[in-house]
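Undergrad: Pasting a structure below so you can have a look.
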Ligand SMILES: [Zn+2]
């Protein structure tokens, strides 16, 4: 199972999360709900190019926008 690292833009904490490939990426800091940036520092596989990130980001934004409506 791959290990993902996310850094919070608000509190600057880095969260290491084990996720399946099928799991949704984290978008909110578990501690302060700030926006998370996915880090590329770990993992035995290298993702080349930036296209995947753009797609992933758009999908996450659309999802969180719909869910955050209270
Ligand atoms: Zn945070």
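Readers should treat all values here as calculations from the given coordinates under stated rules, not as data from a laboratory. Every value quoted in this text rests on a predicted model; they were computed, and no experiment measured them. Note that each Cβ is placed from the backbone with ideal geometry, even for glycine, and that neighbours are counted across all protein chains shown.
Undergrad: Going by C-beta contacts inside 10 Å, put 31, 5 in order with the fewest on the left.
TA: Arranged by neighbour count, lowest to highest, 31, 5 become 31, 5.
Undergrad: Can you sort 38, 20 by how many other beta carbons sit within 10 Å, fewest first?
TA: So the ranking, lowest neighbour count to highest, is 20, 38.
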